[in-house]
Amino acid sequence: TPVREIVSRDVPVMGTAAGSMSGKGAFQITPDVVDWVPRPPGLISSRDIYALYVEGVSMEPRFNAGDLIFVSPHKPIRVNDSIIIQEPNSNNGVPQACIKLFLRKSETSFFTRQINPDCNIEFIRQPGMTIHKVLTTNELFGI
């Protein structure tokens, strides 16, 4: 039987990511850690990495409910990258966020796409909005 190395569980899980059908009221990135998971080998020297659990079906089949995703606030975002958009205010005054595919940006908006059902969603830029890249399998393994 092979001996397993002890893996450090040092990546915080900061909540759940739901890809809502409208892009609104999706999920919250919590200020408190809800779990800790092992750091993938490609992220050994990366800083500020965090993880989220996916909820909902709007990004299937790319992301399924229960999938764990790793997110970087520092990686540059390219067209068709999966992203987490966190808006500072929602209807109830609580920050909200969602997972989408990045299409393009303008001076006033971010244009995104969801997969299920396939539609484009525009997010108006506002102070305090954050856009973070969901890392690919290649990035997680340093390929």
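The values are calculated or read from the model by the stated rules, or taken from the named source; none is laboratory data. A quick note: this is a predicted structure, and the numbers were derived from the prediction, not measured. Every residue, glycine as well, gets a Cβ built from its backbone with ideal geometry; the counts of neighbours run over all protein chains shown. Surface accessibility is based on the protein's heavy atoms, side chains included, excluding ligands, DNA and RNA. Shrake-Rupley method; radii C 1.70, N 1.55, O 1.52, S 1.80 Å.
What the table below lists for this structure:
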{"item": "Among (1) surrounded by fewer than 19 Cβ atoms within 10 Å (Cβ to Cβ); (2) at pLDDT below 90, the one test that Asp67 misses", "result": "(2)"}
{"item": "Flag if Val11 is crowded, with 19+ Cβ neighbours inside 10 Å, modelled with pLDDT of 80 or more and closer than 15 Å to Lys100 by Cβ", "result": "no"}
{"item": "Top-ranked residue of the stretch 118-138 - restricted to ones that are in a loop (DSSP other than H, G, I, E, B), more than 14 Å from Ser106 (Cβ to Cβ) and not aliphatic (A, V, I, L, M), ranked as most open to solvent (accessible area, probe 1.4 Å)", "result": "Pro127"}
{"item": "Boolean, Pro76 is of a type outside the set (Lys, Arg), assigned to a loop (DSSP other than H, G, I, E, B) and touching a residue at least 60 places away in the same chain (Cβ under 8 Å)", "result": "no"}
{"item": "Lys105, sole failed condition from (1) touching a Phe, Trp or Tyr at 6+ places or on another chain (Cβ under 8 Å); (2) open to solvent by less than 60 Å² (accessible area, probe 1.4 Å)", "result": "(2)"}
{"item": "Yes/no for Asp32 being modelled with pLDDT under 95, in a loop (DSSP other than H, G, I, E, B), under 22 Å from Asp10 (Cβ atoms) and open to solvent by 30 Å² or more (accessible area, probe 1.4 Å)", "result": "yes"}
{"item": "Qualifying residue in the stretch 36-54 (condition: polar (S, T, N, Q) and closer than 19 Å to Glu139 by Cβ)", "result": "yes"}
{"item": "From the options Glu60, Glu87, residue that is modelled with pLDDT under 95, buried (at least 16 other Cβ atoms within 10 Å of the Cβ) and at negative phi", "result": "Glu87"}
{"item": "Flag for Ile84 being outside any strand (DSSP E or B) and in contact with a strand residue (DSSP E or B) (Cβ under 7 Å, 6 or more places away or on another chain)", "result": "no"}
{"item": "Of residues in the stretch 47-65 being in a loop (DSSP other than H, G, I, E, B) and among the aliphatic types (A, V, I, L, M), the one farthest from Asp118 (Cα to Cα)", "result": "Ile49"}
